[in-house]
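Worksheet for the structure shown next.
The values are calculated or read from the model by the stated rules, or taken from the named source; none is laboratory data. This one's a predicted model, so the numbers in the text were calculated from it and none came from an experiment. Note that each Cβ is placed from the backbone with ideal geometry, even for glycine, and that neighbours are counted across all protein chains shown.
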Amino acid sequence: MEASATSKLLVSDIASSVDHVPSNYVRPISDRPNLSEIETSGDSIPMIDLQELHGPNRAGVIYQIKNHGVPEKTIERMMTVAREFFRQPESERVKHYSADTKKTTRLSTSFNVGSEKFSNWRDFLRLHCLPIEDFISEWPSSPVSFRDVTAEYATSVRALVLVLLEAISESLGLAKDSVSNTLGKHGQHMALNYYPPCPQPDLTFGLPGHKDPNLITLLLQDEVSGLQVFKDGKWIAVHPVPNTFIVNIGDQMQVISNDKYKSVLHRAVVNSDKERISIPTFYCPSLDAVVGPQQELINEEEESPAVYRSFIYAEYYEKFWDRALATESCIDLFKASKT
Ligand code: OGA
Ligand code: NI
């Protein structure tokens, strides 16, 4: 007999006992992954060697990066402790469960169970991690190494992000600290995404198409494929390369750069035989930061008026969660008024 989907909080605890996805995961035919039609990334997602940061190709720093300075051991430990976390018994995991999107440490499922129409085949542990000392005591203490490993990883990834922000500032013709200076006290969140094997991966998503609302995302993934990026009108599978990060430009970079950088539409699909773990680091402004196009990039007389109005990041972030990934991005709600 099929286990009742409704009695379980997390998809991890549904996945192994069903041979059909429960009806709340089944999307309309027009909104399914079409897995058989997906192309492989091949050469279409550029691999950027971060050593080039010191050369003339800085403006192209986006997507996969290697030689990034985050030690292999740090990455390996992070992935291992994430796997261990999700392999713990349900009773241990659900201690962290919350559907409240405002909680700074929480385990949840899908995207936003409070507002979405379709469920997604994903559980996730979301953590705030800047400054670490404000949040570390909320983080799971099981597995025992969880806090140390995660703190080390978050610190190391942050250093990398700051290097990228300098390079991106310079690529925009700005002083190297200019993007960093628009972020208030800065914010850094992580998600540990867990996608269990899914009996019918053609009917549902791990995460449907979306653009990240934050500034820039550095995604670490295990060796199982699932990430897809929308490029030149098509969904492209981005297969994992060990010890690299995928760099995704988020909505705030699009705003700050006044459309010189565009946030990237991406999604995660699931598969029937392997669990998958991905660990995005979402770097963002602090909630109180005032975000808007950089002054130097606006010229009302010439062809570059401000595309977006200024706003407080908290306002944007709240909109993002409320919409339940119903549309790709909420950036259009923040356009400068045309009058
Ligand atoms: C995300 C995301 C992609 C993945 O968590 O925002 O896009 O491959 N994840 O898990
Ligand atoms: Ni994303």
Item to complete: Could you tell me whether Val144 is free of Cβ contacts under 8 Å to residues at least 12 places away in the same chain, part of a loop (DSSP other than H, G, I, E, B) and either at positive phi or not basic (Lys, Arg) (or both)?
Response: yes
Worksheet item: at pLDDT 95 or above, touching a helix residue (DSSP H, G or I) at 6+ places or on another chain (Cβ under 7 Å) and within 28 Å of Ser12 (Cβ to Cβ) - does that describe any residue in segment 160-178?
Response: no
Practice prompt. Kindly list the number of the only condition in (1) touching a residue at least 60 places away in the same chain (Cβ under 8 Å); (2) more than 10 Å from ligand 1 (Cβ to nearest atom); (3) surrounded by fewer than 22 Cβ atoms within 10 Å (Cβ to Cβ) that fails for Phe205.
Written response: (3)
Item to complete: Test each condition in (1) more than 13 Å from the chain's Cα centre (by Cα); (2) outside any loop (DSSP other than H, G, I, E, B); (3) surrounded by 15 or more Cβ atoms within 10 Å (Cβ to Cβ); (4) of a type in the set (D, E, K, R) for Arg267 and report the one that comes out false.
Response: (1)
Item to complete: Would you confirm whether any residue within segment 293-301 is away from ligand 1 (no atom under 16 Å from the Cβ), over 23 Å from Asn112 (Cβ atoms), in a loop (DSSP other than H, G, I, E, B) and touching a residue at least 60 places away in the same chain (Cβ under 8 Å)?
Response: yes
Worksheet item: Within segment 68-110, restricting attention to residues that are closer than 19 Å to Ile14 by Cβ, among the hydrophobic types (A, V, I, L, M, F, W, C) and surrounded by fewer than 22 Cβ atoms within 10 Å (Cβ to Cβ), which residue is farthest from ligand 1 (Cβ to nearest atom)?
Response: Val94
Worksheet item: Do you know which of the residues in segment 172-195 that are of a type in the set (S, T, N, Q) and outside any loop (DSSP other than H, G, I, E, B) is surrounded by the fewest Cβ atoms within 10 Å (Cβ to Cβ)?
Response: Asn181
Worksheet entry | Pairs where the first residue, in segment 110-126, is part of a loop (DSSP other than H, G, I, E, B) and the second is of a type outside the set (A, V, I, L, M) and away from ligand 1 (no atom under 16 Å from the Cβ), C-beta under 7 Å, 6+ apart | Ser115/Asp322; Phe118/Asn24; Phe118/Tyr25; Phe118/Arg27; Ser119/Asn24; Ser119/Tyr25; Trp121/Tyr25
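Do you know which of the residues in segment 237-261 that are of a type in the set (Val, Ile, Thr) and within 17 Å of the chain's Cα centre (by Cα) is farthest from Val161 (Cα to Cα)? Talk me through it step by step, then tell me what you get.
First pass over segment 237-261, keeping only residues of a type in the set (Val, Ile, Thr): 238, 241, 244, 246-247, 249, 255-256.
Next, only the ones that are within 17 Å of the chain's Cα centre (by Cα) stay: 238, 244, 246-247, 249.
Values: Val238: 21, Thr244: 14, Ile246: 12, Val247: 10, Ile249: 12 Å.
Taking the candidates together, the pick is Val238.
Hey, can you tell me all the residues within segment 246-283 that are under 30 Å from Val26 (Cβ atoms) and more than 11 Å from ligand 1 (Cβ to nearest atom)? Full working, then the answer.
Narrowing segment 246-283 to residues under 30 Å from Val26 (Cβ atoms): 246, 248, 250-251, 263-280, 282.
Those that are under 30 Å from Val26 (Cβ atoms) and more than 11 Å from ligand 1 (Cβ to nearest atom): Asp251, Ser263, Asn271, Ser272, Asp273, Lys274, Glu275.
Here's a check for you: in segment 222-236, which residue that is within 14 Å of ligand 1 (Cβ to nearest atom) and touching a helix residue (DSSP H, G or I) at 6+ places or on another chain (Cβ under 9 Å) is nearest to Ser310 (Cα to Cα)? Before you say what the answer is, go through the steps one by one.
From segment 222-236, those within 14 Å of ligand 1 (Cβ to nearest atom) are 222-230, 235-236; that's our starting set.
Narrowing the set further to residues that are touching a helix residue (DSSP H, G or I) at 6+ places or on another chain (Cβ under 9 Å) leaves 222, 235.
On the way: Asp222: 38, Trp235: 32 Å.
Looking at residues that are within 14 Å of ligand 1 (Cβ to nearest atom) and touching a helix residue (DSSP H, G or I) at 6+ places or on another chain (Cβ under 9 Å), I get Trp235.
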Worksheet item: For the subset of segment 279-292 comprising residues that are in a strand (DSSP E or B) and either farther than 25 Å from Tyr195 by Cα or of a type outside the set (A, V, I, L, M) (or both), which member is nearest to ligand 2 (Cβ to nearest atom)?
Response: Pro280
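Among the candidates Pro201, Pro213, which residue alone is within 13 Å of ligand 2 (Cβ to nearest atom), assigned to a loop (DSSP other than H, G, I, E, B) and not hydroxyl-bearing (Ser, Thr, Tyr)?
Values: Pro201 fails: within 13 Å of ligand 2 (Cβ to nearest atom).
Pro213 is the lone residue from the list that is within 13 Å of ligand 2 (Cβ to nearest atom), assigned to a loop (DSSP other than H, G, I, E, B) and not hydroxyl-bearing (Ser, Thr, Tyr).
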Worksheet item: Taking the stated definitions as given, is Pro242 without any contact (Cβ under 8 Å) to a residue 24 or more places away in the chain and either assigned to a strand (DSSP E or B) or within 30 Å of Ala82 (Cα to Cα) (or both)?
Response: yes
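Which ones in segment 255-278 are of a type outside the set (Lys, Arg) and within 14 Å of ligand 2 (Cβ to nearest atom)? Spell out how you get there, then give the answer.
So the first thing to find is which residues in segment 255-278 are of a type outside the set (Lys, Arg), and the list is 255-259, 261, 263-266, 268-273, 275, 277-278.
Ser263, Val264, Leu265, His266, Ala268, Val269, Ser278, listed by residue number.
Kindly indicate which of Ala159, Ala167 is aliphatic (A, V, I, L, M), surrounded by fewer than 19 Cβ atoms within 10 Å (Cβ to Cβ) and not in a strand (DSSP E or B). Quick ask: steps written out before the conclusion?
Values: Ala167 fails: surrounded by fewer than 19 Cβ atoms within 10 Å (Cβ to Cβ).
Only one candidate passes the filter, namely Ala159.
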Practice prompt. Output the number of residues of segment 147-192 satisfying the condition of being touching a residue at least 40 places away in the same chain (Cβ under 8 Å) and over 20 Å from Arg106 (Cα atoms).
Written response: 23
